[in-house]
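The structure appears right after this line, and notes come after that.
The values are calculated or read from the model by the stated rules, or taken from the named source; none is laboratory data. Note that the structure is a prediction, hence the values are computed from the model and not measured. Cβ sites come from the backbone with ideal geometry, for glycine too, and all protein chains shown count toward neighbours. For the accessible areas, the whole protein counts, side chains as well, though only heavy atoms, and no ligand, DNA or RNA atoms are used. Shrake-Rupley method; radii C 1.70, N 1.55, O 1.52, S 1.80 Å.
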Amino acid sequence: MKLSIVIPTFNEAQNVPLLHDELSKVLKGLKHQYEIIFVDDGSNDGTRDALRRLASDKNVKVLFHRRNFGQTAAMDSGFKYAHGDIIITMDADLQNDPADIPKLLAKLDEGYDVVSGWRKHRQDPVSKKLFSRIAGSLRRMLTREKIHDSGCTLKAYRKECFANLDLYGEMHRYIPAILTWRGFRVTEIVVNHRARKFGTTKYGMGRILRGFLDLLIVKFWMQYSARPIQLFGRLGLCCFALGFFAGLYLLWQKFADGQAIANRPLLLLVVLLVLLGVQFFGMGVITDALTKIYYRSSPISRVSETLE
Ligand code: UDP
Ligand code: MG
């Protein structure tokens, strides 16, 4: 069995040598083959040089992004490169503890496909923890995945999880949600979390909105990507029906009661609703065609095991 450790790294010059030492000690004790994959995400603080030095260790692989593409993209590059049967992700900033890796592996051995770290005693500013809590409740409400701390990078996966999984935006925090939806068995264990000693956090308030929009996309994919007409068709029919009956009502008032309807605001609403209805319906047909093309080019693997 081979382990791949994927580490998204952006401006962590002081952290990477320390992390490499800590990680190597733990991994050497495990008696598995391993590779440590640092994905440098366009650093400009000397991290690149530090990583070049580490590459003298034969177990270290380094991928350099052309520019800063973001943590999700860095993880995606690592996943696509990794050769291991088990893939472990962790932050480069020493906040995750390599000593938790054996626990993740032991839990995976119980028959899970994904084991996610839960930073129960998280060492981050209060504001960050608060927003993370709110975002977490929203995520649990909208998706079927129920783990506490999806944003913790320290996680272990079986390699099958990444077949046809394309990540972008802020999607890395929804990997467990996407995998749960695809039928993989996801669980969590409490892990150690440490305060950041060197370097600074790469995230501000901006990620709240980005994360929220990505959550909506994840939700759409999970619920409607296989049949988008169910969403847009329903919306379209509702709007159209409302507009249609409101229009009938106006006509009735005009012809039965002899009222003038040209100055009625309702007339505008009727036009709006009918047009919206047609638009939504058309959007449903188009997205249906698009997702059919998508699924043909990258089908989701549904079968976990075949007996013959
Ligand atoms: N990171 C990255 N690209 C980015 C931002 C962050 O590769 O554009 C890496 C960063 O180096 C770290 C991990 O993602 O290893 C998590 O970032 P950070 O520690 O800043 O997030 P926080 O712990 O504050 O949520
Ligand atoms: Mg951090």
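For the chain, modelled as a GNM with alpha-carbon contacts under 10 angstrom, which of Y203, Y224, Y249 fluctuates the most?
Ranking Y203, Y224, Y249 by mean-square fluctuation puts Y249 first.
Rank-order 57-63, 84-90 by packing density, defined as the average count of other C-beta atoms within 10 Å over each peptide's residues, highest first.
84-90, 57-63
Ignoring ligands, DNA and RNA, what percent of the accessible area of segment 171-308 is carbon or sulfur (1.4 Å)? Mind showing how you got there, number by number?
On the way: 6190 of 9050 Å².
Summing carbon and sulfur atoms, their accessible area is 68 percent of the total for segment 171-308.
With a probe of 1.4 Å, find how much accessible area segment 76-121 has per residue, and write the answer as a whole number in Å². Numbers along the way, then the final one.
Numbers: 1620 Å² over 46 residues.
Roughly 35 Å² per residue, with all protein chains present.
Which aspartates and glutamates have a Cα less than 18 Å from the Cα of K103, not counting those fewer than 8 places away in the same chain?
Partners within reach: E22, D85, D91, D113, D149, E188.
Say each of V190 and K25 gets a label point 7 Å from the Cα, pointing the same way as Cα to Cβ; how far apart are those two points in nm?
Label at V190, label at K25, 2.4 nm between them.
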